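The next block holds one structure in the form of structure tokens; read it before the comments.
The values are calculated or read from the model by the stated rules, or taken from the named source; none is laboratory data. Computed from a predicted model, the values in this text were never measured in an experiment. Backbone-built Cβ (ideal geometry, glycine too); neighbour counts: all protein chains shown.
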Amino acid sequence: MNPETADETRLTGQLLVAMPGMSDPRFVRSVVYLCVHSAEGAMGLIVNKRLDNVSFAEIAGQVGIEAEEIRAEIAVHYGGPVETGRGFLLHSTDHVDESSLVIDERFALTATVEMLKTIAAGGGPKQRMLALGYAGWGAGQLDAEIQANGWITVPADPAIVFDAEDDSKWERALRAIGIDPSLLSVHMGRA
């Protein structure tokens, strides 16, 4: 891989953690797993905002999976404000199919009905998170938001991403890089 390509994709597979001064209410205290980052833009899934008004059974029914076929349940998350009717499965790489985007040795992204059927039947990847919608940024937009102190990057940890305890993911992601969330100010400056 040449240095330019490596630099362009350096944030792929990282977590973006919203800083306290995040002005966009859709991303306040969000933790986003960054699936793709390139010169053309970025795409990620918010991993810490569960949708309590949508069930896996409802989504499964919309794609033709009968209720009797469902042997496993999975929480549904708000993945972001773009294409909120579209489902994305972020999961471990122990089960991938030909349409899966393998991000690294620990994470893959799949958006197929076949994978939902596999999960409904009790199979599929051991670790998984289903999200409706995604977070997207145009060319240079995410880099500008990071430079403006909107986000901080944190190495992705499956224990944070796939854990069912969504309410503590923001704090745990910050603590993973040695930041005490209680010491963060909304008015952080730049030296």
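Points worth noting:
- Residue identified as modelled with pLDDT of 90 or more and over 18 Å from HIS91 (Cβ atoms) among VAL28, VAL36: VAL28
- From the list ASP143, ASP94, the one residue that fits, being at pLDDT 95 or above, out of contact with any Asp or Glu (no Cβ under 6 Å at 6 or more places or on another chain) and of a type in the set (D, E, K, R), is ASP94.
- Looking across VAL47, VAL54, VAL76, one residue alone is modelled with pLDDT of 90 or more, aliphatic (A, V, I, L, M) and within 25 Å of THR153 (Cβ to Cβ). It is VAL47.
- Residue identified as in contact with a Lys or Arg (Cβ under 8 Å, 6 or more places away or on another chain) and not acidic (Asp, Glu) among TRP170, TRP137, TRP151: TRP170
- Strands (runs of 3 or more DSSP E) within segment 32-100 that include 3 or more residues closer than 18 Å to ALA173 by Cβ and touching a residue at least 12 places away in the same chain (Cβ under 8 Å): 41-46
- The residue list ARG50, ARG106, ARG86 contains one member that is farther than 23 Å from ALA176 by Cα and charged (D, E, K, R), which is ARG86.
- Enumeration of residues in segment 158-170 that are touching a residue at least 40 places away in the same chain (Cβ under 8 Å), surrounded by fewer than 18 Cβ atoms within 10 Å (Cβ to Cβ) and more than 18 Å from VAL96 (Cβ to Cβ): ALA164, ASP166, ASP167
- Of the residues making up segment 105-120, those that are buried (at least 17 other Cβ atoms within 10 Å of the Cβ) and of a type in the set (S, T, N, Q) are THR110, THR118.
- Any hit, segment 121-130, residues being touching an Asp or Glu at 6+ places or on another chain (Cβ under 7 Å), closer than 30 Å to ARG175 by Cβ and surrounded by fewer than 15 Cβ atoms within 10 Å (Cβ to Cβ): yes
- Some residue of segment 133-141 being within 16 Å of CYS35 (Cβ to Cβ), surrounded by fewer than 16 Cβ atoms within 10 Å (Cβ to Cβ) and not small (Gly, Ala, Ser): yes
- Taken together, the criteria exclude THR84 from residues that are buried (at least 16 other Cβ atoms within 10 Å of the Cβ), among the hydroxyl-bearing types (Ser, Thr, Tyr) and modelled with pLDDT of 90 or more.
- Yes/no for ALA173 being among the small types (Gly, Ala, Ser), closer than 16 Å to PHE107 by Cβ, touching a residue at least 40 places away in the same chain (Cβ under 8 Å) and in contact with a Phe, Trp or Tyr (Cβ under 9 Å, 6 or more places away or on another chain): no
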